[in-house]
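Engineer: Could you have a look at this structure, given as structure tokens, before my questions?
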Amino acid sequence: MNAVIGPNLPDTQGHFGPYGGRYVPETLMHPLQQLEDEYARAQKDPAFRREFEYYLREFCGRPTPLYFAERLTGELGGAKIFLKREDLLHTGAHKINNCIGQILLARRMGKSRIIAETGAGQHGVATATVAAMFGLKCVVYMGAVDCERQALNVYRMKMLGAEVVPVKAGQQTLKEAINEAMRDWVTHVRTTHYILGTVYGAHPYPMMVRNFQRVIGDETRRQILEKEERLPDLLVACVGGGSNAMGLFYPFLEDASVKMAGVEAGGEGIEAGKHAARFQGGSLGVLQGTRSFLLQDEYGQIQLTHSVSAGLDYAAVGPEHAWLRDQKRVEYTYATDEQALEAFMKLARLEGIIPALESAHAIAEVMRRAPKLGKDKLVIVNLSGRGDKDVAQVAEKVGLQMPK
Ligand SMILES: *Cc1c(COP(=O)(O)O)cnc(C)c1O
């Protein structure tokens, strides 16, 4: 395999080939450099590593199990399917891995105030949680539409002591929430650290968030070798910004025998134009600090996106994913709302696990592929989060009635 695909990227400027980099207003150059420097020092500091691992284990509940999905495997009749149970982490999704890492950095930099953006609310909840745990002030920006469809998470953040600011601009979802968070950061850089929630934004975020999330793949590797005494044949993960997928994929990038699939939100279908599958209709552009694949019109205006799952409903994708796609290292595909809902119900009924709607997109892809693979093949899917936040929405969509 091509040697450049390995773990060596990004370069010192934060580039993954033609993607990534740092496209921000002048006022943010200094805090980003400060963050990059502090992160570089922390990476070399064994005390930081110990602290990070301590909180992941004692507070978040790592390691998460790699669970053999016996009934799903039987039903699909092909490859052996394992679930990486990030849904069992404290606060219910993988997001907290990154939040622990970043709040430890914020403390090292002497910042007293934390801000974050959130889509589904999972990253907001994880950020509010670590801020409460370390006694730091926390403000979370969330699109007003997302506040409504993820009301449970809004209440959780408030209970944790965070201020939640509903953002009413534009489409009132994740993109606008990030704009507001960046505006806040420019204004309060001295006291404030911005905990960005995915492998997106200006350097060093995509690299740093990936490195905090790689614990998923590192554990998975150990666990599958223990259980099956060999590497998996296929890894599958959903891709919003792309952090749970990068976390799972990254430690396997140099293993040519391990295939990988990233699943974007197909919404109501690609032809209908109501989706968030950046690799289906997208093109190269700059948005919110980085250069990557975006859904934009011919004038560079960001297009409206749609997905049943708020966590995948974003017009851009992390720059490292764009690079891995160019290199043909990872294959990117999509699942529609309908397929995700079907997968959601299937996992609930067959395995007794209610997945997040985001994760259900990855399950949908496994349902397509596993039957075509031999029984000797091993497939690992990242169950990025649990579905409690989605039950009301799904109940309505599939027409569940309250018992009278
Ligand atoms: C936020 C979220 C995602 C999407 O974010 P990535 O950065 O692509 O991982 C996926 N699954 C769950 C459960 C989430 O909360």
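The values are calculated or read from the model by the stated rules, or taken from the named source; none is laboratory data. Treat the numbers as computed from the prediction; the structure is a model and nothing was measured. Every residue, glycine among them, receives a Cβ derived from its backbone with ideal geometry; neighbour counts consider all protein chains shown. Ligands, DNA and RNA are stripped out before the accessible areas are found, and what is left, the full protein with its side chains, is counted by its heavy atoms. Shrake-Rupley method; radii C 1.70, N 1.55, O 1.52, S 1.80 Å.
Engineer: Return one whole number: the accessible area per residue of the chain in Å², for a 1.4 Å probe.
Structural biologist: Details: 16070 Å² over 404 residues.
Ligands and nucleic acids excluded, the figure is 40 Å² per residue.
Engineer: Over the chain, what relative contact order in percent results from Cα pairs under 8 Å that are six or more residues apart?
Structural biologist: Values: 871 pairs, mean separation 83.8, N = 404.
Once divided by the residue count of the chain, the mean separation gives 21 percent.
Engineer: Counting only the heavy atoms of the protein chains, how much of K137 is accessible to a 1.4 Å probe, in Å² to the nearest 10?
Structural biologist: Roughly 110 Å² of K137 is accessible to a 1.4 Å probe.
Engineer: Given a 1.4 Å probe and the protein chains all in place, what does the accessible area of S283 round to, in Å² to the nearest 10?
Structural biologist: Counting only protein heavy atoms, S283 exposes about 50 Å² to solvent.
Engineer: A follow-up question, please. Given a 1.4 Å probe and every protein chain left where it sits, what share in percent of the accessible area of the chain is carbon and sulfur?
Structural biologist: Working: 8140 of 16070 Å².
That share works out to 51 percent.
Engineer: For the full complex of protein chains and a 1.4 angstrom probe, list T187, T27, T220 by accessible area with the highest value first. Kindly include the intermediate steps, with their values, before the conclusion.
Structural biologist: Details: T187 95, T27 75, T220 0 Å².
Ranking T187, T27, T220 by accessible area, largest first, yields T187, T27, T220.
Engineer: Label 7 Å along Cα→Cβ of H188; region 93-119 residues with amide nitrogen under 13 Å?
Structural biologist: Within reach of a label on H188: 111-117.
Engineer: What Kirkwood Rh does the chain have if only Cα atoms enter the pairwise 1/r average? Answer in Å. Working shown, then result.
Structural biologist: Details: mean 1/r = 0.0479 Å⁻¹.
Computed over the chain, the radius equals 20.9 Å.
Engineer: For K259, give me every one of the aspartates and glutamates with a C-alpha distance below 12 angstrom, ignoring sequence neighbours fewer than eight places off in its own chain.
Structural biologist: D233, E331
Engineer: At a probe radius of 1.4 Å, what is the per-residue accessible area of F16, in Å² to the nearest 10?
Structural biologist: Taking all protein chains as shown, F16 has close to 0 Å².
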